[in-house]
Each structure stands twice: as structure tokens, then as C-alpha cells.
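**Q** One structure, as C-alpha cells, below. Some questions next.
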Amino acid sequence: MEEFKDMSENTRRNLARVKKQIFAMMKKENIKQMVQALEEENNKDRWYNLNELSKYSGFSVSALKRWISLPKRPLPAVKIERKYVVRRKWYDIWFGQYRNRNGRVKRLVDIKSA
């Protein structure tokens, strides 16, 4: 506090006001981050149709349909009438099985030459 002895009362008030504003901004930023984290957690539990999952994953709808019908380790999905829906969390877990240790994705479906 020694360095603040030479400040005028007006300067101290201004400094206190700025300090309050900075803490308020930090608090707002923390709240924004918390809201974003909650929204992200909500999205993980959401049901995605194949079009939405295609946008999320970057794979085509036809590839997703192929993976749903795989005989071994299919993409977990629920068929409602004629449409498939997948939980994002299920997709993330399923897709994570195909990652190798260096982060690259292994081949999902072996292509057999005719």
C-alpha cells in the first residue's frame, strides 16, 4: 500500500471503480463460460437425426446409414418409423473406438476389391 500513499482521493476512487468493473466483467465471463459448458453438456445428451449428425461428424448421411447396418460394432441408433436418431454421446463413444494412440482415425469399414 506504500505506492498508493501519494495518490489523491479522487484517483483512489477512480481506481476502486475500475477495479469493481474489472471484477464484474470477470464474473460475467465466468457465467458465460458456465452457460457454454452447460449447453455443451446438454448437446451431448441430445438426440440427433442423421442430417444433424452428418453436420456434426462431417460424414455423409449414406455413410452413417452404412455404419448403422454394420454386422460387427454398428453405430448405435434407434429407428423411429423410417428415421434413425442417434445420441451424440453414443456417436462420440462409438467413433472413439476407431481412434488409435496417435489420434488418427483407423479405417471404419474395410473396402474389399471386387
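**Q** Quickly work out the K83-to-A37 label distance, labels modelled 7 Å from Cα along the C-beta direction, and quote it in nm with one decimal.
**A** 3.3
**Q** Quick one: Debye curve from the C-alpha atoms of the stretch 46-96, no solvent, what's log10 I(q)/I(0) at q = 0.14, 0.19, 0.27 Å⁻¹?
**A** Taking Cα atoms of the stretch 46-96 as identical point scatterers yields -0.28, -0.53, -1.15.
**Q** Would you mind checking K44/K79; K28/K55; K65/K89 for any pair whose Cα atoms are more than 29 angstrom apart? It would help to have the intermediate numbers written out before the result.
**A** Details: K44/K79 19 Å; K28/K55 31 Å; K65/K89 17 Å.
Check vs 29 Å cut-off fails for K28/K55.
**Q** Taking R0 as 35 Å, what's the FRET efficiency between D92 and Q21 from their Cβ-Cβ distance, rounded to 0.05? Write down the numbers at each step before the final one.
**A** On the way: r = 40 Å, r/R0 = 1.14.
Efficiency for this residue pair is about 0.30.
**Q** Another one. Give me the one-decimal nm value for the distance between modelled label points at E9 and N51, 7 Å along each residue's Cα-to-Cβ direction.
**A** 6.8
**Q** Could you compute the net charge surrounding L38? Neighbours are other residues with a C-beta less than 14 Å from the C-beta of L38; K and R count +1, D and E count -1. Don't skip to the answer; put the middle values down first.
**A** Values: positive: K32, K44, R46; negative: E39, E40, E41, D45.
Charge balance near L38 sits at -1.
**Q** Place a +1 charge on the Cβ of each Lys and Arg in the stretch 2-44 and a -1 charge on the Cβ of each Asp and Glu, then give the dipole magnitude about the Cα centre in debye, rounded to the nearest 20. Kindly include the intermediate steps, with their values, before the conclusion.
**A** On the way: 10 positive and 8 negative charges, 48 e Å.
It comes to approximately 220 debye.
**Q** With an 8 Å Cα cut-off and a minimum separation of 6 or more residues, compute the relative contact order for the stretch 1-89 in percent.
**A** Working: 49 pairs, mean separation 24.6, N = 89.
Answer for the stretch 1-89 is 28 percent.
Read the figures in this text as sums done on the coordinates, not as results from a lab. As the structure is a prediction and not an experimental result, all values here were calculated from the model. So basically every Cβ, Gly included, is an ideal-geometry build from the backbone, and we count neighbours across all protein chains shown.
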